[in-house]
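Enquirer: Handing you this structure, nothing more for now.
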Amino acid sequence: MPLVYHEWINDNLQLGLWHITESVDDLISKLFLNKEEFETLNSFGSDSRRKQWLSYRALIRNLVESDYIYRIYYDDNKKPFLVNPQRSISITHCNTHSAVLISPSMTLAHGLDIEPVHPKILKITDKFMNPTEAAEWSKSGDTEKAVAYWSFKESIFKAYGKRYVSLKGNIVIEPFLLTDNEMRGLVKLKSKQRTYKLKLRSFDNLTITIAQEDRDLGQ
């Protein structure tokens, strides 16, 4: 079973990374899909997309370790969560891997992202970095750090869980080193501000980022 990385981020939050190596039929055999889920699966235009969709479901089943036939639901902002058993989750995938962040707490605001480390990110840094971030990043011009900026913002976007937030205009990443144990980011809006604790992991040329709201600092 290609669960290739697992970590308890804290007592209430666990991370799993799945390497997608199976066929569509192999992944289906690991699940108990209902009619609606099969309809969704068949609506995808490629086996690659079907495998991504199936693999994070197989990963969730592995992490939950439950005999229940769980279902994924989505709130009004398209943020996923589990029912039976009830869990808060964050889902992400790329061509080769899928990943899930999962917690028994429905009030824990968390987000997850994975990104391949690739120099193509250098062509679009102005699309997601604000001037302060760009100046800080340019001190090294490092590809891995540029990917980390992008991925941190994606994780915070998912943790915040509401629409109409701009990666460049509303999500801010404070200066960091790739070796830091924990980083910090913020969602800044006219009426409020939220702070997030950030974690960075690397695996097989993938950048993995985790965001969790830091409620100790207030809003």
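Enquirer: What number of residues within the range 51-88 satisfy the criterion of being surrounded by fewer than 20 Cβ atoms within 10 Å (Cβ to Cβ), in a strand (DSSP E or B) and in contact (Cβ under 8 Å) with a residue 12 or more places away in the chain?
Expert: Here the count works out to 4.
Enquirer: Right, something else. Does Asp26 satisfy the criteria of being outside the structural domain of Leu200 (by TED's automatic domain parsing) and either in contact with a strand residue (DSSP E or B) (Cβ under 7 Å, 6 or more places away or on another chain) or at pLDDT below 95 (or both)?
Expert: Considered against the rule, which asks whether it is outside the structural domain of Leu200 (by TED's automatic domain parsing) and either in contact with a strand residue (DSSP E or B) (Cβ under 7 Å, 6 or more places away or on another chain) or at pLDDT below 95 (or both), Asp26 comes out as no.
Enquirer: Which of the residues spanning the range 150-172 are crowded, with 23+ Cβ neighbours inside 10 Å and farther than 20 Å from Leu13 by Cβ?
Expert: The answer is Ile171, and nothing else.
Enquirer: Follow-up question, since we're still on this one. Just to be sure I understand, how many residues within the range 24-35 are touching a Lys or Arg at 6+ places or on another chain (Cβ under 8 Å) and farther than 30 Å from Ala109 by Cα?
Expert: 1
Enquirer: For the range 1-48, how many residues are aromatic (Phe, Trp, Tyr) and part of a helix (DSSP H, G or I)? Give the steps one after another, and end with the answer.
Expert: Taking the range 1-48 and keeping what is aromatic (Phe, Trp, Tyr), we get 5, 8, 18, 32, 38, 44.
In the following step, the residues that additionally are part of a helix (DSSP H, G or I) were identified as 38.
Here the count works out to 1.
Enquirer: Look at Glu144 and say whether it is assigned to a helix (DSSP H, G or I), under 23 Å from Ser88 (Cα atoms) and within 19 Å of the chain's Cα centre (by Cα). Write out each step before concluding.
Expert: Numbers: assigned to a helix (DSSP H, G or I): yes; under 23 Å from Ser88 (Cα atoms): no; within 19 Å of the chain's Cα centre (by Cα): yes.
When the stated conditions are applied, Glu144 does not pass them.
Enquirer: While we're looking at this one, here's another question. Tally up the residues in the range 160-187 that are touching a residue at least 40 places away in the same chain (Cβ under 8 Å) and of a type in the set (D, E, K, R), please.
Expert: Going through the range 160-187 one residue at a time, the tally reaches 3.
Enquirer: I've got another one for you. If I ask for residues that are in a loop (DSSP other than H, G, I, E, B) and among the acidic types (Asp, Glu), which ones from the range 165-219 would you list? Spell out the reasoning first.
Expert: Pass one, the range 165-219, residues in a loop (DSSP other than H, G, I, E, B): 165-170, 174-182, 189-192, 204-205, 214, 218-219.
Once the filter is applied, which keeps residues that are in a loop (DSSP other than H, G, I, E, B) and among the acidic types (Asp, Glu), the range 165-219 yields Glu174, Asp180, Glu182, Asp204, Asp214.
The values are calculated or read from the model by the stated rules, or taken from the named source; none is laboratory data. From a predicted model like this one, the values you see are computed outputs, not experimental measurements. Because the Cβ atoms are built from the backbone with ideal geometry, glycine has one as well, and the counts that use them run over all protein chains shown.
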